[in-house]
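One structure, pasted below without further comment.
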Amino acid sequence: MKENNDIHTDDRLICTQGNEYYAEGEVYTVGRIVNDKYFQLLTSGNDDHWYATLDDHGIYVSFGTLIAGDNKAFFDKIA
């Protein structure tokens, strides 16, 4: 497993601020680590994913205006 600061493949994240694709209070699984800033966050029964970001703003998935109104979903790692 490649490390992404404190994020690892198969870690579980709880959604703290949801949107159209991620429901607040639901738990999601980290997929492949892309680099020190980006990783896959699995959705829909782990069959699909969006790319999540880990930076000074926290853990989140950003969506462009063409997809979901330019909103973000935020997550916390489950200890």
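Values quoted throughout were computed directly from the atomic coordinates according to the rules given, and no laboratory measurement underlies them. All values derive from a computational prediction rather than experimental measurement. Glycine also receives a Cβ, built like all others from the backbone with ideal geometry; neighbour counts cover every protein chain displayed.
I want to check the label-to-label distance for Asn71 and Tyr51. Put each point 7 Å from Cα in the C-beta direction and report it in nm to one decimal.
If labels sit at Asn71 and Tyr51, their model points lie 2.3 nm apart.
Collect residues whose amide H, placed 1.01 Å from N in the peptide plane, falls under 5 Å from the amide H of Ala52; neighbours closer than 5 in sequence don't count.
Amide H neighbours of Ala52: Phe39, Gln40, Leu41.
Between Asn71 and residues 5 or more places away or on another chain, which pairs have amide H atoms under 5 Å apart, with H built 1.01 Å from N, and which residues are they?
Phe63
So between Thr29 and Thr16, what do we pick up on full extension, going 0.36 nm a residue minus the alpha carbon distance?
Contour length minus the Cα-Cα distance gives 3.2 nm.
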